[in-house]
Amino acid sequence: MTAIGVFLFFGAIMACLAGATLIWRGTLLDHLWTLNAPAYKQLSPLGKTVGILFLMLSASLATAGLGWFGRRPWGWRLAVAIIATQVLGDLVSIFMGPIVRGAVGVTIAGALLFYLLRADVRAAFVVRRAIER
């Protein structure tokens, strides 16, 4: 359970860095794109528009992480929605581009979604709501 919360916050940090470097170019953070130069080549022409979307994703991931660690039902629902969106995006990727990359993404995100939807994981959030009443 802790690993999922850490994963959400890690994703928030990475999305924030990506968004910031796409909006404010020419900083020292630009060197981080050497880790994924093909993505930068695709995203950089879209600049601020995509940067703002990355910042919104970052806020969503951070919010989900807070709700996850607080065992709030909305935190669980938001985490499920984010990961389900990732699965859908990877499915689209299979049909529109790199098949292997999309298949790996579907497998990883699908396994994560499967974990989130397990009864014992969901119960950790539902039980808390019942206790708070």
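The values are calculated or read from the model by the stated rules, or taken from the named source; none is laboratory data. Since the structure is predicted, the reported quantities are computational estimates derived from the model, not experimental observations. All Cβ positions, even for glycine, are placed from backbone atoms using ideal geometry, and neighbour counts span all protein chains on display.
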Checklist entry - Tally time: how many residues in the range 1-20 are hydroxyl-bearing (Ser, Thr, Tyr) and buried (at least 19 other Cβ atoms within 10 Å of the Cβ)? => result 0
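Given the options Gly102, Gly11, name the one that is without any contact (Cβ under 8 Å) to a residue 24 or more places away in the chain and of a type in the set (Gly, Ala, Ser). Walk me through it before giving the result.
Working: Gly11 fails: without any contact (Cβ under 8 Å) to a residue 24 or more places away in the chain.
When all the criteria are applied, what remains is Gly102.
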Checklist entry - Of the residues Gly51, Gly47, Gly105, Gly97, which is modelled with pLDDT under 95 and closer than 14 Å to Gly11 by Cβ? => result Gly105
Checklist outcome for this item: Per the list (1) in the same structural domain as Ile23 (by TED's automatic domain parsing); (2) of a type outside the set (Asp, Glu); (3) farther than 30 Å from Trp24 by Cβ, residue check on Phe95 breaks on (1)
Checklist entry - Within the set of pairs 6+ apart or on separate chains, which have a first residue in the range 21-39 that is on the phi < 0 side of the Ramachandran plot, a second that is in a loop (DSSP other than H, G, I, E, B), and C-beta atoms under 9 Å apart? => result Thr21/Thr27
Checklist outcome for this item: Residue count, the range 91-105, condition within 19 Å of the chain's Cα centre (by Cα) and either under 16 Å from Ile4 (Cβ atoms) or not basic (Lys, Arg) (or both), comes to 8
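Out of the range 68-81, which residues are buried (at least 19 other Cβ atoms within 10 Å of the Cβ) and in contact (Cβ under 8 Å) with a residue 60 or more places away in the chain?
Taking the range 68-81 first, the residues buried (at least 19 other Cβ atoms within 10 Å of the Cβ) are 68, 75-76, 78-79.
Of everything in the range 68-81, those that are buried (at least 19 other Cβ atoms within 10 Å of the Cβ) and in contact (Cβ under 8 Å) with a residue 60 or more places away in the chain turn out to be Trp68, Ala79.
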Next on the checklist: Tell me whether the range 42-61 contains one or more residues that are within 20 Å of Phe125 (Cβ to Cβ) and either buried (at least 16 other Cβ atoms within 10 Å of the Cβ) or assigned by TED's automatic domain parsing to the domain that holds Ala124 (or both).
Outcome noted: yes
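Results for (1) touching a residue at least 40 places away in the same chain (Cβ under 8 Å); (2) among the aliphatic types (A, V, I, L, M); (3) assigned to a helix (DSSP H, G or I); (4) within 24 Å of Gly5 (Cα to Cα), shown as yes or no for each residue.
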position: Lys41; (1), (2), (3), (4): no, no, yes, no
position: Leu46; (1), (2), (3), (4): no, yes, yes, no
position: Gly51; (1), (2), (3), (4): no, no, yes, yes
position: Leu66; (1), (2), (3), (4): no, yes, yes, yes
position: Gly89; (1), (2), (3), (4): no, no, yes, yes
position: Thr107; (1), (2), (3), (4): no, no, yes, yes
position: Phe125; (1), (2), (3), (4): yes, no, yes, yes
